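Heads up: the structure comes next, in structure tokens.
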Amino acid sequence: MYKHSKLDFDLLLEAIDRLESVFAVYDKDFSLIYANESARQAWPDFYNGLAKGQSHFEAMRNEIRTQFPDLPDDQIDQFTEFSLGVVRPGGKGELSTRNGRTYQTHHEKLGTVGTVGIGVDLTDLKAHQKRLKELAQLNHLLANNDELTGLSNRRHFVAQIDQLVEQSEGTKAPFTLGLLDLDGFKRVNDVYGHPVGDDLLKEVGQRMSQILDDDDILARLGGDEFGFVTTRATTESEIHDLSSELVERLADPYLLQSDQVHVSASIGVATFPDAATDRALLLKRADYALYHSKHNASGSPVVFSTHHEERISRQAKLNLAFREADWDKELYLEFQPIFDLQSGQIRAVEALARWHSEKLGLVRPDQFIAIAEHSGLITQVSQVLFRKALNAMQSWPEHVRLSFNLSPYEIASDGHAETLMAQIDNAGTNPKRVVFELTESAMIQDTQLVSNVLQSFKRRGIRIALDDFGSGYSSLSHLAKMPIDIVKIDRSFLSDLTRKKRNHALLNGIVQLCRDMSLLTVLEGVETDFHMRMVRETELDLVQGYLFSRPLGETCIRELLLDADQAGLWNNAQAASA
Ligand code: C2E
Ligand code: CA
Ligand code: CA
């Protein structure tokens, strides 16, 4: 203990009186000698009573009665006994005051001379701890719940699947994982605004939880994607019934802020342990099934099956084979002539990629081009093909152009456009003899970027053809901003004979529009005499298709182009359709 010789007793008492903590001193008989201000304020009846000579019991009883005026006598007595158990030499515990504060008190013997009682105010600390606890709970809630719908979020969903997988490890007790995606949600957001979109998501969550069992897991995984896990439906027919119920219920109209709104849902399902025995793969396979539900099954629920398994492994094999292939050797081109409808002359030749894999044989171009696109190899592949195409055209007559397909992935790729132009220069080819074919999806990505790239082609004299026109959601108005020279009309206009009249009218309309915009038109996929008769009724510029020629090998196309009577093919086709 530190004590200066100048310490004055009254000064010390004054200081102790001002302490926030409760402080009281008793003599050896436990009679009160001193109680500071905090003590008298905390329990006035008790300390004042003691000071007036009341017994501990009496004083405490008065204190308790004031604090709990409605308590019956016997309980007041019990409470008094309890409190006195704390307030005694050697006693320890928490006591509350009439104004709702809580003190941690202890009464310690000072040798044989007396007892000191000290109480520390824990009220703020306790409140703080309580708030901390609430905060932790809120945090847990936020970390695991989707704020909008109140369902689990992706993180919690994943953790719950992990738990289930772990539990089912030994038993292999089956469960079903479903992923659900809304179709048409974006439109609702665009048309009715985000508040309606939010309400829609909430109601989707509610409808789903009404159908699923209480102990099933249901989560919103982000955007308009939901996930569920159930042990109730694990056989194919059970899953089918449950999924159909969900799909039907979600397709019912929604009345949101006085708007009636419609959406539909696609569902992909994978079962544990059949489809996969670990969480990541299970999710991946459900996702694969969802993709198929959306793209190949027009929304009806898809359950991941061995059939998908085979597709995936074939895809993986193709992927690997393509990566390992000697492209220079295994990739080659076929060439299909494009004819002028007026003169019957070959104006251009479209180069079409072919892959004869050493391991897998002939692979369809849409398949390996997709692999190249998704693996980021497309620019390299395209450069190999373009070199071969430029090389082949060296022996063609000057007036015949090369029409070369570019993938949407290429057009936005840094520096690739420059490489292609350098390839033209290196081959000593006049850029005016080159046409790049691009689909609409290439043109609607980053419009400014694409427009810049296309302009740089155009400045060199290269022409741009819009490929597969009419197969997507074509909008001539926004395409009008793109520097296009040629429109290649998709063959679906010819093949879909069930809508003959409509297609014919559309075809004529497109051709007229293109003429107005000074765009050349090519019709693809002219296969039959019937097609040719249809073509004759239009003002198309160019035609391409099996009726005139299938894609030909390099030698064949050269011979055809160099043939003095190259219109032979054309004339035959004309004669047949006349
Ligand atoms: P595409 O650019 O629309 O090519 C036209 C497709 O129609 C070719 O299929 C061609 O063989 C086929 N075709 C031509 N005339 C007819 C006909 O009268 N009837 C029918 N039914 N089909 C006809 P192919 O060669 O299988 O190519 C498929 C697609 O693969 C191409 O469609 C193109 O998108 C892509 N592709 C081909 N080569 C390349 C390439 O070098 N680079 C890129 N990025 N894509 C390519
Ligand atoms: Ca093409
Ligand atoms: Ca095409």
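When the Karplus curve 6.51 cos²θ - 1.76 cosθ + 1.60 is applied with θ = phi - 60°, which whole-Hz ³J(HN,Hα) does each residue of region 208-218 get, with x for Gly and Pro?
Values, residue by residue: 5, 5, 5, 7, 6, 6, 4, 8, 6, 9, 9 Hz.
For n ≥ 4 DSSP H runs only, could you compute -39500 (n - 2.57) per run for the chain, divide by its residues and tell me the 222 nm figure to the nearest 500? Let's see the in-between values first.
Numbers: 25 runs with 282 residues, N = 578.
That calculation yields -15000 deg cm²/dmol at 222 nm.
Where a Cα-Cα gap under 18 Å defines reach, which aspartates and glutamates qualify for Lys317, not counting those fewer than 8 residues away within the same chain?
Glu309, Asp326, Glu330, Glu358, Asp366, Glu373
Please state the relative contact order of the chain as a whole percent: Cα pairs under 8 Å, 6+ residues apart? Write down the numbers at each step before the final one.
On the way: 885 pairs, mean separation 44.5, N = 578.
In percent, rounded to a whole number, it is 8.
Show me the GluC sites (Glu not before Pro) within region 67-167 that DSSP assigns to loop and that have at most 16 other Cβ atoms within 10 Å of their Cβ. Present the calculation step by step, with values, prior to reporting the outcome.
Numbers: sites: Glu81, Glu94, Glu108, Glu134, Glu147, Glu166; in loops: Glu147.
Within region 67-167, the qualifying GluC sites (Glu not before Pro) (loop, at most 16 other Cβ atoms within 10 Å) are Glu147.
If you take the alpha carbon radius of gyration of the chain and divide it by 2.2 N^0.38 Å, what ratio comes out, to two decimals? Before the final figure, lay out each step's value.
Values: Rg = 41.8 Å, N = 578, 2.2 N^0.38 = 24.7 Å.
Against the empirical 2.2 N^0.38 Å value, I get 1.69 for the chain.
Take every Cα-Cα pair in region 23-100 and report what % of them are more than 14 Å apart.
Values: 1820 of 3003 pairs.
Counting every Cα pair in region 23-100, those more than 14 Å apart make up 61 percent.
Residue-wise, which Karplus ³J(HN,Hα) couplings in Hz belong to region 138-143, taking 6.51 cos²θ - 1.76 cosθ + 1.60, θ = phi - 60°, and x for glycine or proline?
Rounded to whole hertz, the list is 4, 4, 4, 4, 5, 5.
What GluC sites (Glu not before Pro) in region 369-422 are in a loop by DSSP, with at most 10 other Cβ atoms within 10 Å of the Cβ?
Numbers: sites: Glu373, Glu398, Glu410, Glu418; in loops: Glu398.
For GluC sites (Glu not before Pro) across region 369-422 that sit outside H, G, I, E and B with at most 10 neighbouring Cβ atoms in 10 Å, the list reads Glu398.
With an 8 Å Cα cut-off and a minimum separation of 6 or more residues, compute the relative contact order for region 322-445 in percent.
Numbers: 157 pairs, mean separation 28.7, N = 124.
RCO, region 322-445: 23 percent.
Do any GluC sites (Glu not before Pro) in region 1-67 lie in a loop, going by DSSP, with at most 14 other beta-carbon atoms within 10 Å of their beta carbon, and if so which? Please report the intermediate quantities before stating the final value.
Numbers: sites: Glu14, Glu20, Glu37, Glu58, Glu63; in loops: Glu20.
Those that pass, being in a loop and sparsely packed, are Glu20.
In debye to the nearest 20, how big a dipole does region 387-540 give about its Cα centre with +1 on each Lys and Arg Cβ and -1 on each Asp and Glu Cβ?
Working: 19 positive and 19 negative charges, 72 e Å.
Roughly 340 debye for region 387-540.
Using the Cα centre of the chain as origin and beta-carbon charges of +1 (Lys, Arg) and -1 (Asp, Glu), tell me which of Gln167, Ile312, Ile118 is placed farthest towards the positive end of the dipole.
Of the options given, the answer is Ile312.
Residue by residue through region 515-523, what is 3J(HN,Hα) from phi via Karplus (6.51 cos²θ - 1.76 cosθ + 1.60, θ = phi - 60°)? Round to whole Hz and write x for glycine and proline.
4, 4, 8, 6, 9, 6, 10, 10, 9
How big is the charge dipole of the chain about its Cα centre, in debye rounded to the nearest 20, if each Lys and Arg gets +1 on its Cβ and each Asp and Glu gets -1 on its Cβ? Walk me through the numbers before you get to the answer.
On the way: 61 positive and 84 negative charges, 281 e Å.
That gives the chain a dipole magnitude of about 1360 debye.
Please report the relative contact order for region 54-204, taking Cα pairs under 8 Å with a sequence separation of at least 6, and give it as a percent rounded to a whole number.
On the way: 118 pairs, mean separation 15.8, N = 151.
Relative contact order here is 10 percent.
Which value, in debye to the nearest 20, describes the size of the charge dipole of region 216-292 about its Cα centre when Lys and Arg Cβ atoms bear +1, Asp and Glu Cβ atoms bear -1, and nothing else is charged?
Working: 6 positive and 13 negative charges, 56 e Å.
In total the dipole reaches around 260 debye.
From the residues Ile33, Phe57, Asn99, which one has its Cα farthest along the dipole of region 1-149 in the positive direction, the dipole being from +1 and -1 charges on Cβ of Lys/Arg and Asp/Glu about the Cα centre?
In region 1-149, that residue is Ile33.
Angle, helix 154-171 long axis vs. longest principal axis of the chain, Cα atoms, 0 to 90°, nearest 10?
Taking the Cα atoms of the chain, the angle to 154-171 is about 90 degrees.
Where in the chain lies the longest segment free of chymotrypsin sites (Phe, Trp or Tyr not before Pro) that are both loop residues by DSSP (not H, G, I, E, B) and have at most 11 other Cβ atoms within 10 Å? Before the final figure, lay out the partial values.
Details: sites that count: Tyr2, Tyr473.
Here the longest segment lacking exposed loop sites spans 3-472.
Readers should treat all values here as calculations from the given coordinates under stated rules, not as data from a laboratory. Being a predicted model, the structure only gives us computed values, none of them experimental. Backbone-built Cβ (ideal geometry, glycine too); neighbour counts: all protein chains shown.
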